[in-house]
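Written out below as structure tokens is the structure these notes cover.
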Amino acid sequence: MQETTANQVAANATSSFTEHLQRQRPDLLPFGQHAAGQHVQTGGPGVPLQAPHGTTIVALTYAGGVLMAGDRRATMGNVIASRHIEKVFPADQYSVLGIAGTAGIALDITRLFQVELEHYEKIEGTLLSLDGKANRLGAMIRSNLPMAMQGLAVVPLFAGFDRPAGKGRLFSYDVTGGRYEEQEHHTVGSGSMFARGALKKLWRPNLPESDAVAVAVEALYDAADDDSATGGPDPVRQLWPVVYIVNRTGAYRVPERELAAVAGTIIESRAVAQREA
Amino acid sequence: MTQQFYVSPEQLMKDRADFARKGIARGRSVVVISCREGIALVAENPSPSLHKIGEIYDKIAFAAVGKYNEFESLRQAGVRYADVRGYSYDREDVTARGLASVYAQSLGAVFTAEQKPFEVELAVAEVGISPDEDHLYRLTFDGSIADEKGFIVMGGQADKVSEAVAAGWQGELDFAGAIRLALAGLVADKEADTLPASAVEVAVLDRGSESNRGTRRAFRRLDDADITASLGREN
């Protein structure tokens, strides 16, 4: 087709912040063409690059929406890199995202995704649909595939409130950007198999909000019990998991004192039971 | 070969300025008022979806009069500029001053170099912690930039509207008061004495958005019910 001005204008019109960066400032992307061709410097043949890793994230639906929680530990090999890291973030007003994998890249992808959603909202004057948001995140994870092949993988978990459908929904991803909708609950990261077992026993349909918080914290407790890379509640440092709730009114973070009470109850009940496993 | 007619630079610039002024004077007006609770942006605009007022960034809003396609492309460019800057440095490094100077440069470049100048007038508003720290910038079609105090009136009947707003302006106004004042200004040149909520577009930059609504994004668009409610509050 002839290259008319109208065609050019239409081709250049993008509501995507990532596309804009790809055209104008590819150096700012957390994953870029510059990274695709060359190998990331590792510590020698067969030695993986040492970088902090984020671990367990759990998410579950409840009566009024969906909830996501993450522990506070980042590990680098067998060393605890951070006890304070946060891995669950609000993506926009009605969605949250949790990230497991290479922490540095995951944090940058999160920041890019947050700007991507806000940018679309400002340019278009309307929010993206929940499926639209989930697909955009999938595309970003796929862009990171060359880095993932070199051991710098990022695996997110995405949850949001679908306003037209009036319910909370959950999406998981693989490193190729494949997007899978999950029912009831899901978990990612190194402690996920233990958290998953706990969720299977504790979750039930139409959980009230306060019970949902307790279920998520207990699932993380179980993950921390058996997975060394997952951090449990830390009463000494007063560190509790990061928990976000998304419902019809939007996403909000569950306050610390509420989490302290929930974690306290769980630790107490386990101590009273005096069981080894 | 035909010889081009000589036109003096003075005449050329004067013609372009007259052309742009005429284009702007056809449009309806916009009022931006700084008040106690934040900054209120009020435009006469019967369309519910084609906006003259928009969000640029956390504390920064945009208002424009003139040709829609021209100011809309400037608004989108502003959003892109702000988002790239905030992403590559930090969110607090995005300021109205930086944005306004980019706008001034683009408007100036278009005015001197392009076939036709932009027929637009823009306002860039940034809400601060107190009214003293608010920034209101007015940008005209030729790239001139002015730092205004208190309020900005732009558009077709700017003189009359401005007179009415100046008469009632004081820093202690709340949002409802500021919106009422802006509407009183906008009807100053009309037969009618009020504007229906459906004929205006209103948005605010909320000074206390972090404490009131838990968001760093201060921009909030008011729907017709909100406008009617804020107008009725003191009547």
### Summary
HN-Hα couplings for the stretch B:146-152 via Karplus (6.51, -1.76, 1.60; θ = phi - 60°), in whole Hz with x for Gly/Pro, come out as 9, 9, 9, 10, x, 7, 10
### Query
Please report, for the Cα atoms of the stretch A:117-260, the Rg to one decimal and the Dmax as a whole number; what are they, in angstrom?
16.7, 47
### Computed over chain A, Cα set: Rg, Dmax in Å
19.9, 78
#### Entry: Rounded tilt (10° steps) of A:256-273 against the dominant C-alpha axis of chain A
40
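To the nearest 500 deg cm²/dmol, what mean residue ellipticity at 222 nm is calculated for the protein assembly as shown from DSSP H runs of n ≥ 4 alone, each contributing -39,500 (n - 2.57), summed and divided by the residues? It would help to have the intermediate numbers written out before the result.
Details: 16 runs with 202 residues, N = 512.
Mean residue ellipticity at 222 nm (helix-derived): -12500 deg cm²/dmol.
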### Message
Give me the dipole magnitude in Debye, nearest 20, for chain B about the Cα centre, with unit charges on the beta carbon: positive for Lys and Arg, negative for Asp and Glu.
### Response
420
### Message
How far apart, in nanometres, would the label points at residue A:261 and residue A:248 be if each is projected 7 angstrom from Cα along the Cα-to-Cβ direction?
### Response
2.4
### Message
Which order do the peptides B:117-130, B:196-209 come out in when sorted by mean C-beta neighbours inside 10 angstrom, highest first?
### Response
B:117-130, B:196-209
### Query
In nm, to one decimal, how far is the residue A:145 label point from the residue A:126 one, both placed 7 Å along Cα→Cβ?
3.1
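Magnitude of the Cβ-charge dipole of chain A, K/R +1 and D/E -1, about the Cα centre, nearest 20 debye? Each step should come with its number before you reach the end.
Working: 25 positive and 29 negative charges, 8 e Å.
With only Lys, Arg, Asp and Glu charged at Cβ, the dipole is about 40 debye.
Under 15 Å from the Cβ of residue A:171, count the other residues' Cβ atoms, weight Lys and Arg +1, Asp and Glu -1, and hand me the total. Intermediate values should be presented prior to the final figure.
Working: positive: A:133, A:136, A:142, A:167, A:169, A:179; negative: A:92, A:131, A:162, A:174, A:181, A:182, A:184.
Net local charge, residue A:171 excluded: -1.
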### the stretch B:19-38 residues near the modelled residue B:192 label - backbone nitrogen below 19 Å, point 7 Å along Cα→Cβ
B:27-31
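Please get the size of the charge dipole for the protein assembly as shown, origin at its Cα centre, with Cβ charges of +1 on Lys and Arg and -1 on Asp and Glu, quoted in debye to the nearest 20. Working shown, then result.
Values: 53 positive and 66 negative charges, 153 e Å.
Dipole about the Cα centre, nearest 20: 740 debye.
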### Task
Round to the nearest 0.05 the FRET efficiency obtained for residue A:236 and residue A:19 when R0 = 45 Å and r is the Cβ-Cβ distance.
0.45
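Among B:22/B:116; A:87/B:59; A:167/A:201; B:67/B:190; A:133/A:167, which pairs are too far apart, with a Cα-Cα distance over 18 Å? Could you put the intermediate results ahead of the total?
Values: B:22/B:116 13 Å; A:87/B:59 27 Å; A:167/A:201 23 Å; B:67/B:190 22 Å; A:133/A:167 16 Å.
In this structure, A:87/B:59; A:167/A:201; B:67/B:190 lie more than 18 Å apart at Cα.
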### Message
If I compute solvent accessible area with a 1.4 Å probe over the protein chains, what percent of it on the protein assembly as shown is carbon and sulfur?
### Response
52
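When only DSSP loop residues count, what trypsin sites (Lys or Arg not before Pro) in the stretch A:201-254 have their Cβ near at most 11 other Cβ atoms within 10 Å? Intermediate results must be reported in sequence, preceding the final value.
Working: sites: A:201, A:237, A:248, A:253; in loops: A:237, A:248.
Sites meeting the loop and neighbour criteria: A:237.
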### Query
What's the Kirkwood radius of the protein assembly as shown in Å, using all Cα pairs?
25.7
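How big is the stretch A:58-178 by the Kirkwood estimate over distinct Cα pairs, in Å? Let's see the in-between values first.
On the way: mean 1/r = 0.0670 Å⁻¹.
About 14.9 Å for the stretch A:58-178.
At a Förster distance of 25 Å, what's the computed FRET efficiency of residue B:147 paired with residue A:5, Cβ-Cβ distance as r, to 0.05?
Values: r = 36 Å, r/R0 = 1.45.
Plugging the Cβ-Cβ distance into 1/(1 + (r/R0)^6) gives 0.10.
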## Note on the structure
For chain A, dividing by residue count, accessible area per residue (probe 1.4 Å) in Å² works out to 47
#### Entry: Mean Cα-pair separation over length for the stretch B:149-235, i.e. relative contact order, pairs under 8 Å, 6 or more apart, %
24
### Query
HN-Hα J couplings of the stretch A:166-180 from phi, Karplus 6.51/-1.76/1.60, θ = phi - 60°, integer Hz, Gly and Pro as x?
x, 8, x, 9, 10, 10, 10, 9, 10, 5, 8, x, x, 10, 10
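The values are calculated or read from the model by the stated rules, or taken from the named source; none is laboratory data. All values derive from a computational prediction rather than experimental measurement. No Cβ is skipped: glycine too gets one built from the backbone with ideal geometry, and neighbour counts run over all protein chains shown. To get the accessible areas, we keep the full protein, side chains included, count just its heavy atoms, and leave off ligands, DNA and RNA. Shrake-Rupley method; radii C 1.70, N 1.55, O 1.52, S 1.80 Å.
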